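Shown next, in structure tokens, is the structure this report addresses.
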């Protein structure tokens, strides 16, 4: 396979950005799951469509959360990710990617390097 085709199909090309505003209750409208304390990357849980205030993009349940307002959150605990979100000003920009395949392999390698047994 050519290098151009590999680069075109690489999972980093599938990262998308969603811009959200907090609702009246200061919520963003999604649940957060996973986290380094569970040996996982943070990912989106239930996305509450009625309370979600998307300015651009979309959120999909089970997508990996990579960045919050340009702050990398991959490999952080849920508590730390929630703190980053809490201290972020509106609008909140989230970078996410769909899980599966090569993404999981790359992330597993990253976790093994970061948290050695």
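The set of residues in the range 92-111 that are modelled with pLDDT of 90 or more and over 12 Å from the mean Cα position of the chain (by Cα) contains only 92. Annotation: residue 48 fulfils all but one of (1) modelled with pLDDT of 80 or more; (2) closer than 19 Å to residue 13 by Cα; the unmet one is (2). Applying the condition of being under 13 Å from the mean Cα position of the chain (by Cα), under 14 Å from residue 81 (Cα atoms) and buried (at least 16 other Cβ atoms within 10 Å of the Cβ) to the range 9-32 and asking which residue is modelled with the lowest pLDDT yields 30. Considering 73, 68, the condition of being within 16 Å of residue 22 (Cβ to Cβ), crowded, with 17+ Cβ neighbours inside 10 Å, under 11 Å from the mean Cα position of the chain (by Cα) and at pLDDT 90 or above is satisfied by 68 alone.
Taken over the range 76-90, the criterion of being buried (at least 18 other Cβ atoms within 10 Å of the Cβ) and farther than 16 Å from residue 21 by Cα is satisfied by 76, 81.
The values are calculated or read from the model by the stated rules, or taken from the named source; none is laboratory data. The model shown is predicted, which means the values in this text are computed figures rather than measured ones. Here the Cβ is made from the backbone with ideal geometry for all residues, glycine too, and neighbour counts use every protein chain on show.
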